[in-house]
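Notes for the one structure printed next.
The values are calculated or read from the model by the stated rules, or taken from the named source; none is laboratory data. Since the structure is predicted, the reported quantities are computational estimates derived from the model, not experimental observations. A quick note on method: Cβ atoms are made from the backbone with ideal geometry, for glycine too, and the neighbour counts reach across all protein chains shown.
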Amino acid sequence: MSSGPTISPGEFTHFKTAVLEGGILLAGFDYSGKSVNVLNGESMSEWQEIVRLAEQSAAINGVVLVSLKEGNFCAGADLEQMHDAQRRRSFQEIEQLVITAHRLFDGMEQSPKPFVAAVEGACLGGGLELALACHVRITSTHPRTCFALPEVKLGILPGFGGTQRLPRLIGVPAALDLITTGKTIFPRQALRMGLADGMVTSIPSTVRTLESIQKETLVQAAIAQARVLCSTLVRRRSLRLSQRFLSVPVVRSLLCRYARHQVFKRVRNFYPAPLRAIDAVEGGMRVSILEGSLNIERPLLLDLMAGPISSHLVGLFLAGEEVKRNVATVPMAAMRIGVLGAGLMGSQIAGQLAEKGYAVVLRDVLPGILATAIGRIHTTQTAQVRKRIILPSDLRYRMMRIAPTIHIRDVRAASLVIEAVSEKLDVKRAVLAEFEAEADPDAIFATNTSSYTLADIAARALHPERCVGLHFFNPVAKMQLVEVVRAPFTSDKALVQASSLAKRLGKFPLVVHDGPGFLVNRILSRYLAEAVIMVGEGISIRRIDSIAKNFGMAVDSGHPMGPLELLDLIGLPVAMHVLTSLAVLGPRIESRDTLLRNLLPEKKPPLTFWKSGKENEQAVDVVANYCRAYPSEAGPISDEILHQRLFLPMVDEAVRCLHDKIVEHSWQVDFALTYGIGFPAFRGGLLAWARQTMTPGQITQELESLAAKHGKRLEPCPSLSTGGL
Ligand code: NAD
């Protein structure tokens, strides 16, 4: 009797295969030429062939799918292919891929032979949808293992059947939460919610071949599971009773209505994708998975993909990949990092380092400050235990990695020291001198300053080549951008070590050249200063912030915010210090010093513009007094003009930054402002938005007319009309 077609080694480019005892086909996904596995026409057609051969071969009883990439199970659809289609506005190829995926995944699901996914590393988007089409998913506890359907963050929805399979597997409420937010969950959460059927602690092999991974507990558990499933007809767990109740039509429709309400609260009407994803879930539950995938999910996906928002979001995503690609990952000289200053920023940076496995020496001048900092780090990390992302033992190890000290000599063993001391030039220079006297001769000094130049801080350094900027944004855990600042004297080694560290912390290390405010704060200062000037003209706090929020500022963080609320977050003393320092750029950085000083009462905490969600009455009184003393001649002013006054000076400053070669490309400006200050991602970034809205000539004209009416600070730079955007 023939055993049907066979699979020979080396037959595929992106998969390695072996048939094991008991007829289990082990398929190792290893996309050729990329560091992560992606699903595109090539890899999908190979997987289709493997599924076909497995089904037809009598020698194969079940399939185990694993990844041979370190830290990545599958990153999902090939976004470069998608962006290319968006640029060409030609979607036939993608549509064909989607149809193939739906038929293929349905075939796997209906197959009499069991499919088991052994998930280690990031399992994202289409990668998770592939795992969902398997009958069972076993996850490893490896730190890089995580699950997400992040499509809404790219302006689309899960398009390989995710909106259909996930609600049936984990119930409608949990599925809607994952699909509409794109949030990431970790192995323990996946197991609890039923996304994973089993979890094993596994130490991955360093050499990832099909032979070596067979010894791993994860793969052995998956093979054992496949063997068990070969002899049973029950392939899928059924929903728990409570999940079944939440899936009945009336309840489901209420849940979908609630989910729409939640989406609106979070992102207003700026992003259509989460709403269309809810439509796909709701509509799909009335029909079969295949019908829902092909007839409901697919048209919604293609419609979103063809829109400008998705194109912007995918462009920004690829810009982030480019930023990371430009940074070489070098081995750190040691895993010990020094952090000088245990205040707001130093404590957060130390917490992030400990989380990623670094030993941290945290130095401040007083034991009491260190005790507060350790308490703050402990509170933040405990939240992860509460959410069951980590175990209490993980928390203990993280805390043990931080050694608080008041002695500078304790940073001797650190290969890189991050300075986050008070924003005073003499203090920063003194700390650098102490570092030079005590630290290892090879150690790197990275400053987190927000307003001084690297040249200012290193002016008296014995070895300025060791100095670099590592400008984190607040809150450190949330903000993905880090400006890595290079001065002419910064050595390549210092730059590479600093960028590499930021990348290991999961950040986007954007290299910028030295200059006042670097890139982000320099552009931001125009926006903040203009908002303060408007307050001084008697325009209400609520009106100014509403204009920015209606434009979408910070909507992606889940907390839309105008410039005045942002000033409250930064803190008026810090903001005033930054604005004053940036006055070296010229009279265009004009802040209403007198007004700001009035908001900083002596020996009392600074006033904020907002208090408990309302305009702060005390601040409103101070502003009213100021307006009486310095009456404005501007007269009534429309929202449109206020909008232009907030955003066009930022465009002007961005063009000046490009002219001054702070960065080279306009996409870097767009990327930095989106990830650094919350410029709305759906607009594609500051300069992309400006290009779509007006020509450089029109922007120049608008700024000239604003300057004539509201002050010379608004005059456009000459390169705006000559060099464009
Ligand atoms: P902070 O005032 O909260 O903390 C500064 C800490 O430095 C204090 O605990 C102080 O005791 C300590 N310190 C002073 N002299 C020291 C010394 N010689 N050795 C060790 N520690 C010393 O300030 P912060 O907000 O954490 O800011 C720190 C740095 O980060 C500043 O350069 C600031 O511009 C920059 N930064 C701040 C933000 C922000 O939002 N606050 C954002 C980005 C960058």
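Can you confirm whether VAL323 is touching a strand residue (DSSP E or B) at 6+ places or on another chain (Cβ under 6 Å), more than 16 Å from the ligand (Cβ to nearest atom) and within 30 Å of PHE671 (Cα to Cα)?
Here the answer is yes, as VAL323 does meet what is asked.
Does ARG363 satisfy the condition of being in contact (Cβ under 8 Å) with a residue 24 or more places away in the chain and in contact with a His (Cβ under 8 Å, 6 or more places away or on another chain)?
Taking the combined requirement at face value, the residue satisfies it.
What tally of residues in the range 570-596 results from selecting those that are part of a helix (DSSP H, G or I), surrounded by fewer than 20 Cβ atoms within 10 Å (Cβ to Cβ) and either touching a residue at least 24 places away in the same chain (Cβ under 8 Å) or within 16 Å of the ligand (Cβ to nearest atom) (or both)?
9
Tell me, please, whether a residue that is away from the ligand (no atom under 13 Å from the Cβ), in contact (Cβ under 8 Å) with a residue 12 or more places away in the chain and among the β-branched types (Val, Ile, Thr) can be found in the range 455-462.
Scanning the range 455-462, I find no residue that is away from the ligand (no atom under 13 Å from the Cβ), in contact (Cβ under 8 Å) with a residue 12 or more places away in the chain and among the β-branched types (Val, Ile, Thr), so the answer is no.
Results for (1) farther than 30 Å from ILE377 by Cα; (2) assigned by TED's automatic domain parsing to the domain that holds HIS659; (3) among the acidic types (Asp, Glu), shown as yes or no for each residue.
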residue: ARG460; (1), (2), (3): yes, no, no
residue: ARG486; (1), (2), (3): no, no, no
residue: LYS503; (1), (2), (3): no, no, no
residue: LYS507; (1), (2), (3): no, no, no
residue: GLU530; (1), (2), (3): yes, yes, yes
residue: VAL535; (1), (2), (3): yes, yes, no
residue: SER540; (1), (2), (3): yes, yes, no
residue: ILE544; (1), (2), (3): yes, yes, no
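Exactly one condition in (1) free of Cβ contacts under 8 Å to residues at least 24 places away in the same chain; (2) more than 28 Å from the chain's Cα centre (by Cα) is not met by LEU599; state its number.
In the conditions (1) free of Cβ contacts under 8 Å to residues at least 24 places away in the same chain; (2) more than 28 Å from the chain's Cα centre (by Cα), LEU599 misses (1) alone.
Do you know which residues across the range 262-281 are modelled with pLDDT of 95 or more and either β-branched (Val, Ile, Thr) or within 20 Å of VAL248 (Cα to Cα) (or both)?
Hits for the range 262-281 are VAL263, ALA277, ILE278, ASP279, ALA280, VAL281.
Looking only at the range 662-684, count every residue that is more than 14 Å from LEU313 (Cβ to Cβ) and of a type in the set (Gly, Ala, Ser) and tell me the total.
Residues flagged as more than 14 Å from LEU313 (Cβ to Cβ) and of a type in the set (Gly, Ala, Ser) within the range 662-684 amount to 4.
Of the residues SER111, SER140, only one is in contact with a strand residue (DSSP E or B) (Cβ under 7 Å, 6 or more places away or on another chain) and among the polar types (S, T, N, Q); which?
Within the list SER111, SER140, the selection yields SER140.
Exactly one condition in (1) within 23 Å of the chain's Cα centre (by Cα); (2) in contact (Cβ under 8 Å) with a residue 40 or more places away in the chain; (3) surrounded by 23 or more Cβ atoms within 10 Å (Cβ to Cβ) is false for MET479; which is it?
Unmet condition: (3).
Name the one entry in ILE24, ILE50 that is out of contact with any Asp or Glu (no Cβ under 8 Å at 6 or more places or on another chain), closer than 26 Å to CYS146 by Cβ and of a type in the set (A, V, I, L, M).
ILE50
Out of the residues in the range 394-416 meeting the condition of being more than 27 Å from the chain's Cα centre (by Cα) and free of Cβ contacts under 8 Å to residues at least 40 places away in the same chain, tell me which one is nearest to LYS183 (Cα to Cα).
Checked the range 394-416; the qualifying residue nearest to LYS183 (Cα to Cα) is MET400.
Starting from residues that are touching an Asp or Glu at 6+ places or on another chain (Cβ under 9 Å) and of a type in the set (Val, Ile, Thr), keep the ones in the range 463-490 and report whichever is farthest from the ligand (Cβ to nearest atom).
That would be THR490.
Condition check: closer than 20 Å to SER111 by Cβ, assigned by TED's automatic domain parsing to the domain that holds ARG208 and of a type in the set (Gly, Ala, Ser). Does GLY41 satisfy that?
For GLY41, the condition - closer than 20 Å to SER111 by Cβ, assigned by TED's automatic domain parsing to the domain that holds ARG208 and of a type in the set (Gly, Ala, Ser) - is not met.
Considering only the range 514-534, state which residues are in contact with a strand residue (DSSP E or B) (Cβ under 6 Å, 6 or more places away or on another chain) and surrounded by fewer than 24 Cβ atoms within 10 Å (Cβ to Cβ).
Residue satisfying the conditions is ASP514 alone.
So THR608 fits all but one of (1) closer than 25 Å to ALA690 by Cβ; (2) modelled with pLDDT of 95 or more; (3) within 15 Å of the ligand (Cβ to nearest atom); what number is the exception?
(1)
Being closer than 16 Å to GLY346 by Cα, surrounded by 16 or more Cβ atoms within 10 Å (Cβ to Cβ) and of a type in the set (A, V, I, L, M, F, W, C) is the filter here, so list the residues in the range 364-402 that pass it.
ILE369, LEU370, ALA373, ILE374, ILE377, ILE402
Restricting attention to the range 326-349, report how many residues are exposed (fewer than 15 other Cβ atoms within 10 Å of the Cβ) and either without any contact (Cβ under 8 Å) to a residue 40 or more places away in the chain or within 16 Å of the ligand (Cβ to nearest atom) (or both).
Summing the residues that are exposed (fewer than 15 other Cβ atoms within 10 Å of the Cβ) and either without any contact (Cβ under 8 Å) to a residue 40 or more places away in the chain or within 16 Å of the ligand (Cβ to nearest atom) (or both) in the range 326-349 gives 1.
For (1) free of Cβ contacts under 8 Å to residues at least 60 places away in the same chain; (2) over 24 Å from the mean Cα position of the chain (by Cα), each residue gets a yes or a no:
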{"position": "GLU664", "(1), (2)": "yes, no"}
{"position": "GLY678", "(1), (2)": "no, no"}
{"position": "LEU687", "(1), (2)": "yes, no"}
{"position": "ARG691", "(1), (2)": "yes, yes"}
{"position": "GLY697", "(1), (2)": "yes, yes"}
{"position": "GLN701", "(1), (2)": "yes, yes"}
{"position": "SER705", "(1), (2)": "yes, yes"}
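Hey, which of the strands (runs of 3 or more DSSP E) in the range 106-169, taking only ones fully inside, have at least 2 residues that are of a type outside the set (A, V, I, L, M, F, W, C) and either assigned by TED's automatic domain parsing to the domain that holds LEU275 or without any contact (Cβ under 8 Å) to a residue 12 or more places away in the chain (or both)?
136-140
Tell me which residues, restricted to the range 440-454, are out of contact with any Lys or Arg (no Cβ under 6 Å at 6 or more places or on another chain) and within 14 Å of the ligand (Cβ to nearest atom).
Scanning the range 440-454 gives ALA446, THR447, ASN448, THR449, SER450, SER451, TYR452, THR453, LEU454.
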